[in-house]
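Notes to accompany the following structure.
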Amino acid sequence: MIRNIAGSVLALAGATAAVWSPFRAWYDGRHGRDYAIGDLFTGITDAKAEVLGSILLPFAFAALVTVVGVLLRSRLLVALAGLVALGFTILWMVRVGQAEGGLTVDADGTGLGDGVANAFGGGVLLLLGALVMSGRSHARVGRSHRPTHPPHAGPPAAPDLTGTDQTLPDRAPTDRTFTDRTGTDQTLTDRPPPEPPPKDGPGDDRGPGA
């Protein structure tokens, strides 16, 4: 992230310097916008070119490519813009050197001007920005995709009672034993109650000697 920010700042600074350079003096006080772009391929002439037909065009194109490269975080596009800026600057120096018989830098302002320095420095900054930028971060291959929604939790399954003994114990009317408060065991048996003893009638009242 930090590398992309630093590289973008360098690239934008280089693009600004490159676009501004044709409005500065390039050689003997002549501005870069006065050189026709066709003169770079056919030879330098004294004819004054239109702004849209001057060497401003390739530098403006380089600046546009730089902006796109910064937005897309593309090191390739930023490097391409730097090569365009440096390439046209070097081509212009070669053509002017052929026309003038050489390039000079004088203290009185004649010879190479600061416009050439801006164009050359802008191209170098663009290349530095492309080197500093880290570019796009690629996604890791093989990353496991986790489900965004948890699986639907259905009702709990009923226990499988197959093969288990489901026979309930028979409650036969057997004797039941319980303990009363005195601590003795009493057994209750399912049996008929005992018959009451026969009552003595009036004719049965006999003495012991009868």
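The values are calculated or read from the model by the stated rules, or taken from the named source; none is laboratory data. What you see is a predicted model; the values in this text were computed from it and never measured. Cβ atoms come from the backbone with ideal geometry, glycine included; neighbour counts cover every protein chain shown. All accessible areas refer to the heavy atoms of the entire protein, side chains included, with ligands and DNA or RNA removed. Shrake-Rupley method; radii C 1.70, N 1.55, O 1.52, S 1.80 Å.
A few notes on this one:
- Test: residue in the stretch 47-67 that is open to solvent by 30 Å² or more (accessible area, probe 1.4 Å), part of a helix (DSSP H, G or I) and over 18 Å from residue 87 (Cα atoms): yes
- Only one of the listed residues (86, 131, 77) is touching a residue at least 24 places away in the same chain (Cβ under 8 Å), within 28 Å of the chain's Cα centre (by Cα) and either under 30 Å from residue 1 (Cα atoms) or not in a helix (DSSP H, G or I) (or both). That residue is 131.
- Check on residue 16, of a type in the set (S, T, N, Q) and open to solvent by 70 Å² or more (accessible area, probe 1.4 Å): yes
- Inter-residue pairs, beta-carbon under 7 Å, first over 16 Å from residue 116 (Cα atoms) and in the stretch 27-44, second basic (Lys, Arg) and not in a loop (DSSP other than H, G, I, E, B), 6+ apart: 39/95; 43/95
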